1. Across the range 35-40, in residue order, what do the Karplus-derived ³J(HN,Hα) couplings come to in whole Hz, using 6.51 cos²θ - 1.76 cosθ + 1.60 with θ = phi - 60° and x for Gly and Pro?
2. Please give the peptides 117-130, 88-101 ranked by average Cβ packing (other Cβ atoms within 10 Å per residue), highest first, as a rough proxy for protection.
3. Under 26 Å from the Cα of Lys19, which lysines turn up, not counting those fewer than eight places away in the same chain?
4. What length, rounded to one decimal in nm, is gained on full extension from Val155 through to Phe88, with 0.36 nm per residue of separation minus their alpha-carbon distance?
5. Highest mean first, what order results for 233-241, 159-167 on Cβ atoms within 10 Å?
6. Please work out how much length the chain gains when fully extended from Arg132 to Arg10, using 0.36 nm per residue of separation minus the C-alpha to C-alpha distance, in nm with one decimal.
7. Ranked from highest to lowest mean number of other Cβ atoms within 10 Å per residue, what is the order of the peptides 7-18, 68-79?
8. For the range 1-62 and the range 83-139, what is the separation of their C-alpha centers, rounded to whole Å?
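The values are calculated or read from the model by the stated rules, or taken from the named source; none is laboratory data. As the structure is a prediction and not an experimental result, all values here were calculated from the model. Cβ atoms come from the backbone with ideal geometry, glycine included; neighbour counts cover every protein chain shown. Areas reflect the complete protein model, heavy atoms only, side chains present, ligands, DNA and RNA absent. Shrake-Rupley method; radii C 1.70, N 1.55, O 1.52, S 1.80 Å.
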Amino acid sequence: MRDVVEQLQRLGMSGYEAKAYVTLVGAGQPLNGYEVAKRSGVPRSTVYETLGKLVAKGAAYELRGSDDATDYLPLPPRSLLQRMRREFDDSIEALEVSLPAIVAPPRAHLIHSLKDAGAVLARAEDVVAGARADLFLSIWPEEMALLSPLVERAVERGVTTSVMHFGPARGVVGHLYEHRFPARDASAEGRGGRTRGRPDPDRRLLVVTGDRRETVVGGFTQGSAWGVYTEDPAVVTMAVDYVRQDIALQIIAERVGHEIMDELWAGDAELRSLLADHDRPAALLRAAGMPVRPGGRSHEPGSRPQEPGTRPQERGARSQEPGARSAERSDADDPSNVE
């Protein structure tokens with residue numbers, strides 16, 4: 001009963017109204033105010049006021065007997081829920097027109113901090129659900145398992161979706177690419193490379209960008225999480241480019257071969273210097289209040305160590321084309337047009 005009462009409260013009933021309605025529904029016969037108060041726990045001093053509000057909302061009806069006694073009968077649950085759905089939908093449609101009309105343009109593009117995993121994922125869900133043109137995601141299986149239903153719905157409604165996925169994917173959603181490069185061997189570590197190994201699920205970066213208008217960037221590590229949400233165009237552009245360039249690197253590695261790319265990575269001093277982290281990711285994690293493993297190393301986004309001997313999936317990086325392949329845009333500068 002408690003769950004039903006809480007759900008009715010979320011749909012606009014007060015606690016007393018919800019308890020009284022549930023009591024009427026469960027009685028199977030008309031009840032007077034005294035009986036409703038006794039069975040529901042609604043105070044006798046307020047039960048008639050509460051029942052009157054249910055009657056005013058159309059959720060209950062008065063039945064007057066010959067002796068002027070008043071009993072109450074509930075609107076059947078199916079009819080109540082259908083009525084609530086119609087009223088809710090009508091309100092949403094009206095607000096979709098009226099609310100944007102009164103919104104003042106922001107004086108500055110703010111960045112909102114997201115303090116825990118629940119807040120990060122809830123905001124990421126908002127971005128995915130609100131996308132109408134395109135989505136860019138850099139994501140790990142743990143977060144993908146939670147967001148995939150919304151991502152699938154976005155694909156179904158025609159949103160061009162490009163996903164950089166770290167680790168094996170349970171299914172292909174949109175244009176999905178499994179991250180497989182760089183995949184360094186142990187001999188490269190002493191020359192500035194990164195060692196082979198499984199991706200570290202305890203340190204995961206999440207990037208979700210919708211319609212090139214808003215983005216969520218978050219980090220998950222050892223039971224803690226942090227994140228930000230913003231509509232700042234500069235940050236959104238960087239987030240989109242981060243995902244696009246990571247996808248481009250996977251495609252290039254597939255085209256030219258991983259061995260050639262490994263040799264290039266190991267033998268080019270300029271690349272080694274560019275990718276040397278000098279403990280900066282660890283410092284960033286500390287600044288965000290996230291634990292860092294001994295040795296100060298943390299996985300850089302876009303350069304996670306990879307599992308040895310991994311072969312490209314047929315439906316992953318080898319056969320999939322990037323997001324712009326199926327997009328209707330023809331603009332050569334479209335950031336999703338990665339060849």
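1. 5, 4, 5, 5, 7, 9
2. Descending packing order for the listed peptides: 117-130, 88-101.
3. Within reach: Lys38, Lys53, Lys57.
4. Once the chain is fully extended between Val155 and Phe88, it gains 21.5 nm.
5. 159-167, 233-241
6. 41.2 nm
7. 7-18, 68-79
8. So the two Cα centres are separated by 33 Å.
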